[in-house]
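Structure first, then comments.
The values are calculated or read from the model by the stated rules, or taken from the named source; none is laboratory data. Being a predicted model, the structure only gives us computed values, none of them experimental. Neighbour counts are summed over all protein chains in view; Cβ atoms, including those assigned to glycine, are modelled from backbone coordinates with ideal geometry.
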Amino acid sequence: MNKKTLNLTQGAIIAAIYVVLTFLSQMVGLASGAIQFRLSEALTILPVFTGAAVPGLAVGCFVANMLTGCALWDVIFGSIATLIGAIGTYFVGKKKLYLAPIFPILANVIIVPFVLRYVYGVEGSLPYFALTVGIGEVVCCGILGIGLYKVLNNRIKW
């Protein structure tokens, strides 16, 4: 398989898995709102393995947000946050694995509170939303993401 086909296939699979995991989180009411626990965010560790994960995660977030009924500005800014996080993970994660989750965590902690407050009009302060979103991101990107890395490392040829 040539490199372009492989990258496209990997990106598409990552996007599809992101959508499915977001739907699972949505089914139990944890994919959106002030308290977010998106299982799909664990996938933000994947740019450590392959650059194909960067567009895969951004597209997956975009599609998941569209299909779960998010507002247009949430679709746009949520996808941008995921893209920023994935790019940071790609460039730093290979050298400093334990810094890899910092980028998606920070991107979401900075962007999502504004979406909650100004797009959805959720009552509460920006620092409160940063805290609640941040806790969910630390669990999903940090703990679950690093766990996913440990499971996949040396088991899959990227």
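Summary table
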| item | result |
| --- | --- |
| Number of the condition not met by N108 [criteria: (1) in a loop (DSSP other than H, G, I, E, B); (2) crowded, with 23+ Cβ neighbours inside 10 Å] | (1) |
| Residue satisfying all of: in the range 76-101; surrounded by fewer than 18 Cβ atoms within 10 Å (Cβ to Cβ) and free of Cβ contacts under 8 Å to residues at least 24 places away in the same chain; nearest to the chain's Cα centre (by Cα) among these | I76 |
| Within the range 123-158, tally of residues that are exposed (fewer than 15 other Cβ atoms within 10 Å of the Cβ), closer than 30 Å to L6 by Cβ and out of contact with any Ser or Thr (no Cβ under 9 Å at 6 or more places or on another chain) | 10 |
| Contacts under 8 angstrom Cβ, first residue in the range 20-39 being at pLDDT 90 or above and among the charged types (D, E, K, R), partner assigned to a loop (DSSP other than H, G, I, E, B) and surrounded by fewer than 20 Cβ atoms within 10 Å (Cβ to Cβ), 6 or more apart | R38/L30 |
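Matching residues to (1) assigned to a helix (DSSP H, G or I); (2) of a type in the set (V, I, T); (3) touching a helix residue (DSSP H, G or I) at 6+ places or on another chain (Cβ under 9 Å); (4) surrounded by 20 or more Cβ atoms within 10 Å (Cβ to Cβ):
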position	(1), (2), (3), (4)
Y18	yes, no, yes, yes
L24	yes, no, yes, no
F37	no, no, yes, no
T44	yes, yes, yes, yes
P47	yes, no, yes, yes
V54	yes, yes, yes, yes
A58	yes, no, yes, yes
F62	yes, no, yes, yes
